[in-house]
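Below is one structure, written out as structure tokens; the observations come after it.
The numbers here are math on the coordinates, done by the rules we state, and not lab data. What you see is a predicted model; the values in this text were computed from it and never measured. When we count neighbours, we look across all protein chains shown, and the Cβ atoms used for this are built from the backbone with ideal geometry, even at glycine.
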Amino acid sequence: MNKFLDSYFKTIKKFLPEKTSETSVGIDIGSGECKLIELQKKADGYEVVNWSIRPVDNNDIPAALKAMLAKLGSGKRSIYTSVSGRGTLIRYIELPHMSLEDIKSSFSLEADKYFPFAQNEIYSDCFIVDNENKKKPMYIMAAVAKKDMVDQRIKLLSDMGIKVDFIGLNPVALANVINVLGVGEEGKSDKAVAVLDIGGSISNLSIFIKGNPWFTRDIFVGGKDFTKRISNLLGVDMNQAEMLKTSPGDQLEKILEACDSAVMNIVQEIKLSFDYFTTERNLEIGKLLLTGGASRLEGLPERMAKHLEIPVNYWDPINLVKVSSDLSKDELKKESLKLGVALGLALYNYD
């Protein structure tokens, strides 16, 4: 059991057993879709050698997972997955300087001081964000997940005969992409950079300073809210509404009007988060980067930029890795914004 819970963070991968797999597989299990990335380390970087996205029909997650895993060939590999949403939390805490081992030992007994969960209901772990200034307290990122969530995920995969090497948190997996690969040209800024991962039901906002996360929160608005509003306003079924989000044709204005209240809910939550962050850290946000499948709503970056008054761009993590010549880059490009968490999970295998 401890093997699944030993760490959520890339920086303590050194405590995991030495890796012997030839490839690494990240599996992002969502309520609407499951996503998979198979990655291989090359001399000049990392290469996507396989990927898959499968819809979850009738809440049948095992069927979606089986369909994805059927694409994997033979060979040694490590498999990584994650949990997210209600029942998981990340906090940034100021503490006196001490070793990571001492922090983890003390925090395992005191986590309920920082989180609204009973100590016996959660798994917890910590990561040192900043301890360079010895004259000031250091900052740690602490994460918890409710035991029943993690245990259910373990059981789901074990019942399918899937041996998982690691279970993390979605926001930390996405942060791992930035930690290992950087942000890319889209995120170049002397100021803090925010990343908004818009999923089906939940959007996650993280703020980075020089590649390290300093703020993380979930916003419980996502692509399903966009789809429902389009369906209601235009009088179309949910499948048609889903297609109109990314291909509105001459109905763009109607689509944006339908989604306006959901978009503004996200914008208001982002503003509150930015205000808190700039007050606490005395540092402005330079730009916002959008990723995740639901971020592909036509006109969304321009709409958010207008209200937030900062540049808003798309951020495609797949641009930071190579793609095998056996794969269609065009097909991958169509879906790549959905694959950031899976990529971050696959990267846990590598230093």
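Quick look at the values:
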item: Sites matching trypsin sites (Lys or Arg not before Pro) across the range 125-157 that sit in DSSP coil, with at most 10 neighbouring C-beta atoms within 10 Å; result: K134, K135
item: Percentage of interatomic Cα-Cα distances in the range 196-239 larger than 14 Å; result: 57
item: Separation between Cα centres of the range 184-243 and the range 31-94, rounded to whole Å; result: 19
item: Sorted peptide list for 317-329, 72-84, 213-225, 194-206, criterion being average Cβ within 10 angstrom, highest first; result: 194-206, 213-225, 72-84, 317-329
item: Pairs from K41/K146; K136/K210; K42/K134 whose Cα-Cα separation, in the structure shown, is over 28 Å; result: K41/K146; K42/K134
item: Cross-link table K76/K329; K113/K271; K66/K254, entries beyond 32 Å C-alpha to C-alpha; result: K66/K254
item: Where labels lie 7 Å past Cα in the beta-carbon direction, separation of S328 and A70 in nm; result: 1.8
item: Simple spin-label estimate for E253 and E132 in nanometres, 7 Å along Cα-Cβ; result: 5.0
item: Three-way shape label, the range 187-346, alpha-carbon gyration tensor, a/c 1.5; result: oblate
item: Sorted by Cβ density within 10 Å, fewest first, the residues L345, L337; result: L337, L345
item: Anisotropy class of the range 125-193 from Cα gyration tensor, a/c 1.5 cut; result: oblate
item: Cα gyration tensor shape of the range 218-313, rounded if a/c is under 1.5, else prolate or oblate by comparing a/b with b/c; result: prolate
item: Theoretical ellipticity at 222 nm over the chain - DSSP helices of four or more residues, -39500 (n - 2.57) apiece, nearest 500; result: -10500 deg cm²/dmol
item: Equivalent ellipsoid semi-axes - Cα gyration tensor, the chain, angstrom; result: 30, 26, 20
